[in-house]
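Chemist: Got a structure here, written out as structure tokens. Questions coming.
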Amino acid sequence: MLDIGQKGPDFSLPGVDGNTVSLTDLLKDHRAVAVMFSCNHCPYVRAWEDRMVAIQRDYAPQGVTLVAVNPNDTVKYPDDDMEHMKARAAEKGFNFPYLRDDSQDVARAYGGTHTPHVFLLDSGGVLRYRGAIDDNYENPDAVQHTYLRDALDAVLAGRDPAPATTQAVGCTIKWK
């Protein structure tokens, strides 16, 4: 698994909008990039999707982008194929790139284990935070620790996030 302080591996993946997105291009235009392994069918992801959209909305003006990467095996989980991804992104109003990692190479390179699993990179592509979005997937009103928001605030202020890692909570990535 990618450790805090290591550079995030570059990738170039197709998105639901028909464009190919690379980490190199994202880093050119942003002060921070949150790579999130995600999918369509996981109830944990579904519980956090509105918060993901809100984080993107709130932090985009500060030069931040989220990017969701779906690595799940579409043979066993056909709901995670590109057509279903397009439908899900439209239904939920995703305001961030939603990319397909058919080879699962990106998920393996980062060491993603769950959906969702966040890897927050600074403008130099260095991993600054890894883990969960917050501490309560079930109830947004009961969240006590906004891990990703706190990490974004720290990185944007030039500080080290504390904590730098939390436990990713969600469905396991569905490997081929």
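Chemist: With labels modelled as points extended 7 Å from the Cα through the Cβ direction, what inter-label distance (nm, one decimal) is found for Gln144 paired with Ser22?
Modeler: 4.5
Chemist: Moving on to the next point. Using DSSP to define loop residues, name the trypsin sites (Lys or Arg not before Pro) in segment 32-96 whose beta-carbon has at most 14 other beta-carbon atoms within 10 Å. Each step should come with its number before you reach the end.
Modeler: Values: sites: Arg46, Arg51, Arg57, Lys76, Lys86, Arg88, Lys92; in loops: Lys76.
Hits after loop and neighbour filter: Lys76.
Chemist: Right, another one. What does the charge count near Phe94 come to, summing +1 for each Lys or Arg and -1 for each Asp or Glu among other residues with Cβ under 13 Å from its Cβ? Please list the in-between numbers first.
Modeler: Details: positive: Arg46, Arg51, Arg57, Lys86, Arg88, Lys92; negative: Asp17, Glu49, Asp50, Glu91.
Local net charge: +2.
Chemist: Ok, one more. Quick one, can you get me the convex hull of the C-alpha atoms of segment 12-172 expressed as volume per residue in Å³? Walk me through the numbers before you get to the answer.
Modeler: Numbers: hull volume 16.5 nm³, N = 161.
In segment 12-172, the Cα convex hull volume per residue is 102 Å³.
Chemist: Taking the chain as a whole, which cysteines find no other cysteine Cβ under 4.7 angstrom from their Cβ?
Modeler: For the chain, the answer is Cys39, because their Cβ atoms have no other cysteine Cβ under 4.7 Å.
Chemist: For the residues Thr165, Thr24, Thr65, Thr115, what sequence is obtained by ranking on other C-beta atoms within 10 Å, fewest first? Write out the running numbers ahead of the final one.
Modeler: Numbers: Thr165 16, Thr24 11, Thr65 20, Thr115 28.
With the sparsest Cβ surroundings first, the list reads Thr24, Thr165, Thr65, Thr115.
Chemist: Can you tell me which of 117-129, 135-147, 9-21 comes out highest on packing, and rank the rest after it, using the mean Cβ neighbours within 10 Å?
Modeler: Values: 117-129: 20.8, 135-147: 12.9, 9-21: 15.8.
Peptide ranking by packing, descending: 117-129, 9-21, 135-147.
Chemist: While we're looking at this one, here's another question. Report for segment 67-176 the percent antiparallel among DSSP-assigned beta bridges with both residues inside it, nearest 5. Mind showing how you got there, number by number?
Modeler: Working: 6 of 10 bridges.
In segment 67-176, DSSP labels about 60 percent of beta bridges as antiparallel.
Chemist: Net charge near Leu148: determine it from the other residues with C-beta under 12 Å of the C-beta of Leu148, scoring Lys and Arg +1 and Asp and Glu -1.
Modeler: On the way: positive: Arg51, Arg128, Arg130, Arg149; negative: Asp58, Asp134, Asp135, Asp150, Asp153.
Charge balance in the 12 Å sphere: -1.
Chemist: Using a simple charge model, +1 on the beta-carbon of Lys and Arg, -1 on the beta-carbon of Asp and Glu, nothing else, what dipole does segment 76-176 show about its Cα centre, in debye to the nearest 20? Walk me through the intermediate numbers first.
Modeler: On the way: 12 positive and 16 negative charges, 56 e Å.
Magnitude of the dipole: close to 280 debye.
Chemist: Can you give me the relative contact order of the chain as a percent, contacts being Cα pairs under 8 Å and 6 or more apart?
Modeler: Working: 369 pairs, mean separation 51.7, N = 176.
Relative contact order here is 29 percent.
Chemist: With each run of n ≥ 4 DSSP H residues scored as -39500 (n - 2.57), what mean residue ellipticity at 222 nm is computed for the chain after dividing by its residue count and rounding to the nearest 500 deg cm²/dmol?
Modeler: Values: 5 runs with 51 residues, N = 176.
Mean residue ellipticity, 222 nm, calculated: -8500 deg cm²/dmol.
FYI, it's all coordinate maths here, none of it is from the lab. Predicted model only: the values in this text are computed from it and were never measured. Reconstructed Cβ throughout: ideal geometry from the backbone, glycine too, with neighbour counts over all protein chains shown.
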